[in-house]
Amino acid sequence: MSLRSWGASRSCQSYCGYHNHAGSLYYAVMPYPSCDGCLGGMAVFDALTCTSSHELCEAINDPVPGSGWYDDTHGEIGDISAWNFTHVAGYNVQLEWSNQQGKCV
Ligand SMILES: [Zn+2]
């Protein structure tokens with residue numbers, strides 16, 4: 001399930017979170033993960049920190065979606081490594097793609 005979306009699509013149907021901008025205001029949206037597709041077998045809090053880390057990284061290096069770090073085949077930096085997790089300071093976070101290392105880190 002995509003972790004990115006725009007427009008009229010709905011959470012838990014076509015996305016678990018997304019980021020976008022309104023002028024120079026950059027924002028991300030993380031709906032409550034009330035479905036298996038967005039929980040991914042995790043506790044609610046872990047699913048939320050995972051989605052938040054995904055969208056935060058993408059909001060930093062592709063703040064205007066599609067105009068920054070963006071791969072025409074795979075999408076944004078978090079999309080390539082979607083659903084690959086690790087723990088940082090006790091929080092569940094998603095790995096992100098590294099061109100330099102050629103893998104999710
Ligand atoms: Zn994404």
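Here are some notes:
- The stretch 54-76, residues that are open to solvent by 20 Å² or more (accessible area, probe 1.4 Å) and under 11 Å from the mean Cα position of the chain (by Cα): LEU56, CYS57, ALA59
- Residue list for the stretch 77-86, filter: open to solvent by less than 60 Å² (accessible area, probe 1.4 Å) and either of a type in the set (A, V, I, L, M, F, W, C) or part of a loop (DSSP other than H, G, I, E, B) (or both): ILE77, ILE80, SER81, ALA82
- Hits in the stretch 13-34 (condition: part of a loop (DSSP other than H, G, I, E, B), open to solvent by less than 30 Å² (accessible area, probe 1.4 Å) and either within 15 Å of CYS57 (Cβ to Cβ) or at pLDDT below 90 (or both)): CYS16, GLY17
- Count of the stretch 77-105 residues, restricted to those that are basic (Lys, Arg) and in contact with a Cys (Cβ under 7 Å, 6 or more places away or on another chain), is 0.
The values are calculated or read from the model by the stated rules, or taken from the named source; none is laboratory data. For clarity, every value in this text was computed on a predicted model and none was experimentally measured. Cβ atoms come from the backbone with ideal geometry, glycine included; neighbour counts cover every protein chain shown. Surface areas here come from the heavy atoms of the whole protein model, side chains and all, with no ligands, DNA or RNA. Shrake-Rupley method; radii C 1.70, N 1.55, O 1.52, S 1.80 Å.
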